[in-house]
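Below: the structure, in structure tokens.
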Amino acid sequence: MSNVKEENSTADEPGIQFDEIEGEVENSEIENDSNISKQLREDVATEETDTLSKVQEKTSFVSQREIISIIFSKKTLYHVLVLFVLLTFFGIISYTKSDLASSLILIFGYGGSLGYFVTAALNRFEEIKNLSRSQSFTSLILPLSLSLIFSSFIWATLNNETYGENMKRLLTWGYILIFVLWQFAQAWWMRVPFKEIALRQMSKSPENETSKIGILLNLLSPFIWMLVGTLCFYFVSTQISGFKDNFDYLFMIFWVLLMMAMGSITFYLLRTMHREFLYDSKVAAFSGYFALGYWGFLSYHAGVFLYSMYNDPSFLYDLVFMIVTIMLVIYSLSVNVLRGEARRAHLSPTNHYIGKATGLMSRHNVIFYSISFTIAYGASNFFLATADTSLIGGIKGVSRIAHMIVLVSGILVLLIVNYNLLTGRGLISEGFVESIRSPKHN
């Protein structure tokens, strides 16, 4: 009996060992499968990261040829001509300072702006897009028809005996609001061309090196443009006898103090935000060259603000700058639209694809939105130069407030652009307000 038990026990031992070996094989296969899947996930993540970096690299710049094709396209040529003809008409009648001129600017300003805004919104339909973007005069049928309809409605409302005066007062305040809001908007839009220049300079800078170009340009840009402004003031004083008496040592002291105060405050906040990252070659190149360009815009408004403290605001200078601003608005909106489309196209093969929706604007209707916005701004500008604005302290008060808004908004935009750069590169993670606070723990 004992021999039989021993034989049975010895016979069972190989089976037990075989089960153990089989279990070890299965465990090793599971571990290998998990390692393979983990490796695959890491490879996919690495591939997606590389793809995203390539997408960011490709969408950093926008083709200037595409922008020019939007601004100077033959399909939108007649619409741009309508814009300048309408603004020229507003400028001519504004010199009359008459009630009729004010009424015409109210009627056709709002009417034209609403007409082109609705045209832009309707351009998502293929038939309307083909009609309004043709190379013939027929492309003007829809926007001009809509503009006349809105203008007729506004004319009828203004001539109503019951609420005509209240409507006129409401539309007047609407122009004042548009004029003020435009100052915020142009400070934001003005960043686009200088940001494009700064991005190109950043791409030329080497990685992981130190540079003082950011410190130097952020520190010297206000001083450089202060000297340029001084030369401009001297030239104006030789051409305008009324300003020659105001261009004295006291004026120059105020000019220097204004630019130095703005420059010092901005540099302190930028230095607090960047900390040691301002010495990074990439960050330094972007921040420095952006400051060099953007301070030219700020110095213009600082100079006009100081000029209006001594003289009535010159709408001749504002008219010239308005034309530049109009082209800038079209340029800025076009850049944003093209960059969004490029990002969407490059992300389409990845898991980060954001869909086909183009949002409010596309390359086909951005010109119509731009025309709508600039008609509203141009009309508000000429209306304030024509109408009785005593209810808001006169046109001089409006001009001063407007330029002050631009200066404050411009400094804020300069900080926001630098903040977006730092967060986009993963250098800082705190909020915007927290990033400019000093000390950080307060």
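Under 17 Å from the mean Cα position of the chain (by Cα) and at pLDDT below 85: is that true of Gly340 in this structure?
yes
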Answer yes or no: is there a residue in segment 386-408 that is modelled with pLDDT under 65, not small (Gly, Ala, Ser) and not in a helix (DSSP H, G or I). yes
Residue list for segment 133-156, filter: within 27 Å of the chain's Cα centre (by Cα) and under 18 Å from Phe84 (Cβ atoms): Pro143
Being over 26 Å from Leu219 (Cβ atoms) and among the hydroxyl-bearing types (Ser, Thr, Tyr) is the filter; apply it to segment 232-275 and report the residue that is surrounded by the fewest Cβ atoms within 10 Å (Cβ to Cβ). Ser241
Every residue from segment 99-124 that is in contact (Cβ under 8 Å) with a residue 40 or more places away in the chain and either of a type in the set (Lys, Arg) or over 25 Å from Val337 (Cα atoms) (or both): Ala101, Ser102, Ser103, Ile105, Leu106, Ile107, Phe108, Gly109, Tyr110, Gly111, Arg124
Just checking: which of the helices (runs of 4 or more DSSP H) contained wholly in segment 138-242 hold 3 or more residues that are at negative phi and at pLDDT below 90? 164-189, 191-204, 213-239
Long-range neighbours under 7 Å by Cβ, at least six apart or interchain, first residue in contact (Cβ under 8 Å) with a residue 24 or more places away in the chain within segment 133-146, second exposed (fewer than 13 other Cβ atoms within 10 Å of the Cβ): Gln135/Lys74
Yes or no: Phe108 in contact with a Ser or Thr (Cβ under 7 Å, 6 or more places away or on another chain), aromatic (Phe, Trp, Tyr), surrounded by 18 or more Cβ atoms within 10 Å (Cβ to Cβ) and within 30 Å of Ile176 (Cβ to Cβ)? yes
Considering each of Lys129, Lys195 in turn, give the residue that is within 30 Å of Asn420 (Cα to Cα) and within 31 Å of the chain's Cα centre (by Cα). Lys195
Condition met for Ser264 (part of a helix (DSSP H, G or I), of a type in the set (S, T, N, Q) and either modelled with pLDDT under 75 or more than 30 Å from Ser132 (Cβ to Cβ) (or both)): yes
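For the structure I just gave you, tell me whether Thr88 is free of Cβ contacts under 8 Å to residues at least 12 places away in the same chain and either touching a Lys or Arg at 6+ places or on another chain (Cβ under 6 Å) or closer than 13 Å to Ile375 by Cα (or both). Steps first, please.
On the way: free of Cβ contacts under 8 Å to residues at least 12 places away in the same chain: yes; either touching a Lys or Arg at 6+ places or on another chain (Cβ under 6 Å) or closer than 13 Å to Ile375 by Cα (or both): yes.
Yes, satisfied.
Of a type in the set (S, T, N, Q), modelled with pLDDT under 75 and crowded, with 22+ Cβ neighbours inside 10 Å - does that describe any residue in segment 294-307?
Step one: filter segment 294-307 for residues of a type in the set (S, T, N, Q), giving 299.
Keeping just the survivors that are modelled with pLDDT under 75 gives none.
No, every residue in segment 294-307 fails to be of a type in the set (S, T, N, Q), modelled with pLDDT under 75 and crowded, with 22+ Cβ neighbours inside 10 Å.
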Would it be correct to say that Leu122 is crowded, with 17+ Cβ neighbours inside 10 Å, out of contact with any Leu (no Cβ under 6 Å at 6 or more places or on another chain) and over 21 Å from Gly378 (Cβ atoms)? yes
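The values are calculated or read from the model by the stated rules, or taken from the named source; none is laboratory data. Just so it is clear, the model here is predicted, and its values are computed rather than measured. Counting neighbours? That spans all protein chains shown, and the Cβs are built from the backbone with ideal geometry, glycine included.
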